[in-house]
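**Student:** One structure coming up, written as structure tokens, with questions to follow.
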Amino acid sequence: MTKTSVIETTPTVLIIFGGNGDLTKRKIIPALYNLFLENRLPEKFAIIGTSRTKFTDEKYRSSLLVGINEFSRTGKAKKEDWAKFSANITYQAANIKDVASYNDFEASISKLKAEWKQDPAILYYCAVSPDLFCTIAENVSKSKLENNKDTTRIIIEKPFGRDLDSAKTLNAKLLTIFDEKQIYRIDHYLGKEVVQNVMAFRFANTIMEPLWNRTHIEHVQISVTEQIGVEDRGSYFDHAGILRDMIQNHLLQLLCIIAMEPPVNFDADLVRDKKVEVLKAMRKIIPGMIDKVAVRGQYGPGWVEGKEVPGYRDEIDVDPGSNTETYAAMKFYVDNWRWQGVPFYLRTGKRLYKSASHIIIQFREVPHNMFTNKAENLPKQNRLIISIQPDMSIKFQLESKTPGLEMTLNTVDMVFDYLGKTKIDSPEAYETLLLDVISGDQTLFMRADQVEAAWEVVMPVLDYWENNKMPDFPNYPANSWGPENAEALIAKDGFHWINLPDKNLKE
Ligand code: BG6
């Protein structure tokens, strides 16, 4: 995962399909702009945005500038920086479904080749609806657009398929056109700063490995809660649901990073092999067991920060009788030597009390309490708390003596906080990922077998939920921690969901 410096990289053309879309304006262009500010882009770099709408280059650039000013972590663009960066951006209206439209890209690329006197790497970014991924790949292959196996790459956004079969079909199709090493399937959680740090934390510290197993770890919680509702994505979300939208990809990938065996080195395939092994080791959920290991919820109306918000069924583009889940909590086991018997609890949902993503590793109780029998003096179990967002920190909770004449215990934190290194200093996930595509590093991208293995894990629950409607939806109010039976899911094993306090407040 060494990042390539500007000097080493080949001239590059990035064609963004969906160039006028929300993702391009919120994430892709601000990320490229910040890479540019850090001098990380190749010296010869061109961005071609494309969509159906007609724009002049100028108008297109102005619309991207609005996005940067609103969404870039570095704030509003400085005039001179923007002028230099935007000089690399052009726009071409095109009909993605029509091969003829691709000739225009070919003409632009030939012009750049002549100017640069070098063949550029060509990156195709599919920031479009998933039903167009194959069309783009096919049309790229039918047109005479560069397909150099070493330097042509295609970037695919999620969702990658809507179930195991469609993911297999999509993989098979893409692999008739591109080699696996040319395909970059994005899961943006893998680019998040703290998520990457979990690997460093686990594999660059000798003290972690002896503790990182069933002997010392009692259970693991992975929690990604969001305060927002479905916003303007009702038509997509109502056909997806949170299990497809978040668990099949982001949360299972977090689980893989916690549970994987150490790879021999950071070679992209070696790292991904280890993650696939985790997915393959996950205990199959059998149909009769689903209600014991999976809970779903849908939000009702409520109040969030003094504002009244609608229930899910009243959101725009959502079926008023929708059975789609906006919350899911699940329990998994990884059946191998390291993790046998250790439950992994995953939960995620929209319109919850707080937006926060964290992983909690709960260690086992001390084997014998030698202090007192007073309940308040029982040593609490140690925890490792990995906060991904909005707080970014890794914290060990240990027991310690409270200063004073008595032997009383108190929980203290050993914290690695990204102090000061918050939003502005830490690269956004998309910066890391785009730089990796430019440098040809696939470590943080999903390989075909990885995506399919993740679908395999969730398929029984997806099928069951689709075929068995929930009579009591909506079953949690906005601004809550989700449905009550999610508490029961974990409580029956003797645990509870750990809702982290805001910084400096007690749990
Ligand atoms: C996306 C999901 O992949 O991740 C969204 O489609 C979700 O529904 C988003 O809101 C969360 O990402 P982040 O980076 O804001 O935690």
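The values are calculated or read from the model by the stated rules, or taken from the named source; none is laboratory data. For clarity, every value in this text was computed on a predicted model and none was experimentally measured. A quick note on method: Cβ atoms are made from the backbone with ideal geometry, for glycine too, and the neighbour counts reach across all protein chains shown. Remember, those area values only see protein heavy atoms, side chains included, never the ligands or the DNA or RNA. Shrake-Rupley method; radii C 1.70, N 1.55, O 1.52, S 1.80 Å.
**Student:** Where in the chain is the longest stretch that carries no chymotrypsin sites (Phe, Trp or Tyr not before Pro) classed as loop by DSSP and with at most 13 other Cβ atoms within 10 Å? Let's see the in-between values first.
**Tutor:** Working: sites that count: Phe266, Trp337.
Formally, the longest exposed-site-free interval is 1-265.
**Student:** Here's something else I'd like to know. Where does the charge balance sit around Leu65 when Lys and Arg score +1, Asp and Glu -1, over other residues with C-beta under 12 Å from its C-beta? Don't jump to the answer; show the numbers that get you there.
**Tutor:** On the way: positive: Lys25, Lys59, Arg61, Lys76, Lys78, Lys79; negative: Glu58, Glu70, Asp81.
Once all neighbours under 12 Å are counted, the net charge is +3.
**Student:** Ignoring ligands, DNA and RNA, what percent of the 1.4 Å accessible area of the stretch 388-500 is carbon and sulfur? All intermediate terms of the calculation are to be shown ahead of the outcome.
**Tutor:** Numbers: 3010 of 5320 Å².
Reported share for carbon and sulfur atoms: 57 percent.
**Student:** What FRET efficiency, computed as 1/(1 + (r/R0)^6) with R0 = 30 Å and r the Cβ-Cβ distance, is obtained for Asn410 and Gln340, rounded to the nearest 0.05?
**Tutor:** The calculated FRET efficiency here is 0.35.
**Student:** I've got another one for you. Normalise the Debye intensity by I(0) for the stretch 22-105, one equal point scatterer per Cα, no solvent, then take log10 at q = 0.12, 0.24 Å⁻¹ and round to two decimals.
**Tutor:** Once normalised to I(0) and log-transformed, intensities are -0.36, -1.21.
**Student:** Can you give me the long-range amide H partners of Ala121? Hydrogens built in the peptide plane at 1.01 Å from N, cutoff under 5 Å, separation of 5 or more residues or another chain.
**Tutor:** Placed amide hydrogens put Thr12, Val13 under 5 Å from Ala121.
**Student:** Could you work out what % of the accessible surface of the stretch 1-136 is carbon and sulfur, using a 1.4 angstrom probe and leaving DNA, RNA and ligands out of the count?
**Tutor:** 50 percent
**Student:** ³J(HN,Hα) across the stretch 360-369 via Karplus (A = 6.51, B = -1.76, C = 1.60, θ = phi - 60°), whole Hz, x for Gly/Pro?
**Tutor:** Residue by residue, the stretch 360-369 yields 10, 9, 9, 7, 6, 5, 4, x, 8, 8 Hz.
**Student:** Moving to a separate point now. Return a whole-number percent for the relative contact order of the chain, with Cα pairs under 8 Å and 6 or more residues apart as the contact set.
**Tutor:** After rounding, I find 17 percent.
**Student:** I've got another one for you. Report the full-extension gain for the segment Val366 to Glu43: residue separation times 0.36 nm, less the Cα-Cα distance, to one decimal in nm. Provide the component values of the computation, followed by the final result.
**Tutor:** Numbers: separation 323, 0.36 × 323 = 116.28 nm, distance 5.74 nm.
Taking 0.36 nm per residue and subtracting the Cα distance, the gain is 110.5 nm.
**Student:** Compute the length gained on full extension between Lys54 and Phe495: take 0.36 nm times their separation in residues and subtract their Cα-Cα distance, giving the result in nm to one decimal.
**Tutor:** This chain segment gains 153.1 nm when fully extended.
**Student:** Now, a different point. If a/c stays under 1.5 just call it rounded; otherwise compare a/b with b/c (prolate if a/b is bigger, oblate if not). Do that for the chain, with a ≥ b ≥ c from the square roots of the Cα gyration tensor eigenvalues. Walk me through the numbers on the way to the answer.
**Tutor:** On the way: a/c = 1.79, a/b = 1.58, b/c = 1.14.
Prolate, because a/c is 1.5 or more and a/b exceeds b/c.
**Student:** Report the full-extension gain for the segment Asp81 to Ser426: residue separation times 0.36 nm, less the Cα-Cα distance, to one decimal in nm.
**Tutor:** On the way: separation 345, 0.36 × 345 = 124.20 nm, distance 1.98 nm.
Contour length minus the Cα-Cα distance gives 122.2 nm.
**Student:** While we're looking at this one, here's another question. Quick check on the chain: of the DSSP beta bridges with both residues there, what percent are antiparallel, nearest 5%?
**Tutor:** 55 percent
**Student:** Still on this model: Any lysines with Cα under 24 Å of the Lys280 Cα? List them, leaving off those in the same chain fewer than 8 positions away.
**Tutor:** Of all the lysines, those that pass the test against Lys280 - Cα under 24 Å, at least 8 places apart if same chain - are Lys158, Lys168, Lys173, Lys181, Lys292, Lys331.
**Student:** Counting only heavy atoms of protein chains, what accessible area per residue, in Å², does the chain have with a probe of 1.4 Å?
**Tutor:** With the other protein chains kept in place, the chain gives 46 Å² per residue.
**Student:** Please state the equivalent ellipsoid semi-axes for the stretch 82-206: what are the square roots of 5 times the Cα gyration tensor eigenvalues, largest first, in whole Å?
**Tutor:** Numbers: eigenvalues 170, 97, 41 Å².
Those come to 29, 22, 14 Å.
**Student:** Turning to a different aspect of this structure: Can you check what the net charge comes to around Tyr102, using other residues whose Cβ is under 13 Å from the Cβ of Tyr102 (Lys, Arg +1; Asp, Glu -1)?
**Tutor:** The answer is -2.
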